[in-house]
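Undergrad: This structure is in structure tokens; I'll ask about it shortly.
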Amino acid sequence: MSEHHHHWSYHDEHEHGPHHWGGDGEHQSPIDIDLAQVERVEQIDPIRFVNYERPVEGKFVNNGHS
């Protein structure tokens, strides 16, 4: 199994920190959301959680990001 890691950090001094994300530094995230492409809806259906009653099996790795 191949693993690819995207590197980012919340530490300003880090090479992948907020200074390198672009934007004005006030309201940003390492996730690039293009607001011009966002479709706004007035009413959405409630979030439905499915299959949360079943246990999850497998290998879980803490990569420090999610």
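Undergrad: Go through region 50-66 and give me each residue that's under 19 Å from the mean Cα position of the chain (by Cα) and either modelled with pLDDT of 80 or more or small (Gly, Ala, Ser) (or both).
TA: Phe60, Val61, Asn62, Gly64, Ser66
Undergrad: With respect to Gly22, is the statement that it is at pLDDT below 80, out of contact with any Cys (no Cβ under 8 Å at 6 or more places or on another chain) and in a loop (DSSP other than H, G, I, E, B) true?
TA: So Gly22 fits the description; yes.
Undergrad: Name the residue that is modelled with the highest pLDDT, counting only residues in region 1-19 that are within 24 Å of Phe60 (Cα to Cα) and either among the acidic types (Asp, Glu) or over 17 Å from the mean Cα position of the chain (by Cα) (or both).
TA: In this case the residue turns out to be Glu3.
The values are calculated or read from the model by the stated rules, or taken from the named source; none is laboratory data. The model shown is predicted, which means the values in this text are computed figures rather than measured ones. Neighbour counts run over all protein chains shown; Cβ positions are idealised from the backbone, glycine included.
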